[in-house]
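Comments concern the structure below.
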Amino acid sequence: MNTPILTTGRLRLLPFSEDDFPLLQDLHSDPEVNRYLSPGPAIMDPEEVRRRLANYVGDHRGTGMSKWKLETIEGAFIGRAGFSFERNPEGYELGYSLKRSAWGQGYASEIARALVGWFFDTTQNDHMLAYAVAEHKASQRVMQKAGLRFWREIRKHGLHCRFYRITRRQYLQSLEPGRGG
């Protein structure tokens, strides 16, 4: 078994391997999971899933930063979470996508909070981003619970998106007694 990237009370992140195609295909075969992702509320084409998986595996091997396999501590696959590098606006973007059976259990907030801490504890980056389509309020609440603050609105992939951001300074301030976030 791979060494986990990160472990929380209920979850762990592991690097994807090429053998994980069926897991990722299953995740993205649910149109509701894809509702706010490209291609929208449709089943993701297997070739797109293969392309994404190859990117996740390559990014992890090349930079140590990627979208990773999200499992419960017991080993049940529930989605993916981690980082990808954005060029516009520039910075590492926190992203997550969970199976519908994992929705409403606090998993997205738990892993997002843990990833913010991991990011600032293990990298020298000054800030990180996250974004969601404007009407995806649940994802925006996850970002806020993880300490990110609304930054600006941008059209991305032809859609109106709300971007959130947290700087290293804001993260460190949130750790100070009496200033928790």
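Dipole magnitude for the chain: about 700 debye, using +1 per Lys or Arg Cβ and -1 per Asp or Glu Cβ, origin at the Cα centre.
Tell me which GluC sites (Glu not before Pro) from the range 37-100 have a DSSP coil assignment and no more than 11 other beta carbons within 10 Å of their own. Here the sparse-neighbourhood loop sites are Glu74. Across His60, His28, His157, mean-square fluctuation computed from a Gaussian network of the chain (C-alpha pairs under 10 Å connected) peaks at His157.
Around the amide H of Gly79, modelled in the peptide plane, lie the amide H atoms of Leu70, Lys99, all under 5 Å away and 5 or more residues distant in sequence or on another chain.
So for the chain, taking the charge dipole from beta-carbon charges (+1 Lys/Arg, -1 Asp/Glu), which of Gly178, Gly158, His60 sits furthest toward the positive end? Checking the options against the dipole of the chain, the answer is Gly178.
Dipole magnitude for the range 1-101: computed about the Cα centre from +1 point charges on Lys and Arg Cβ and -1 point charges on Asp and Glu Cβ, it is near 220 debye. Once the Cα-Cα distance is subtracted from the 0.36 nm per residue extended length, the Glu135 to Glu176 segment shows a gain of 11.5 nm. For the range 1-27, the residues whose amide N sits under 20 Å from a probe point set 7 Å from the Cα of Val57 along the beta carbon direction are 1-5, 13-27. Could you give the distance between the Cα centres of the range 50-102 and the range 141-181, to the whole Å? Going from one Cα centre to the other spans 19 Å. Which helices pass in the chain if a helix is a full DSSP H run, must span at least 18 angstrom along its long axis by Cα, and must have mean Kyte-Doolittle hydropathy not below 0.0? Span-like helices, by this rule, are 107-122.
Straightening the chain between Ala42 and Phe21 buys 5.8 nm, computed as 0.36 nm per residue apart minus the Cα-Cα spacing.
Each helix, a run of at least 4 DSSP H residues, gives -39500 (n - 2.57); summed and divided by the residues of the chain, these come to -10000 deg cm²/dmol at 222 nm. Extension gain, Arg100-Asn2: 0.36 nm per intervening residue step, less the Cα-Cα distance, totals 32.8 nm. Which one of Thr123, Val142, Leu13 is farthest out on the positive end of the charge dipole of the chain, using unit charges on Cβ (Lys, Arg +1; Asp, Glu -1) and the Cα centre as origin? Going by the charge dipole, the pick is Val142.
The numbers here are math on the coordinates, done by the rules we state, and not lab data. As the structure is a prediction and not an experimental result, all values here were calculated from the model. Here the Cβ is made from the backbone with ideal geometry for all residues, glycine too, and neighbour counts use every protein chain on show.
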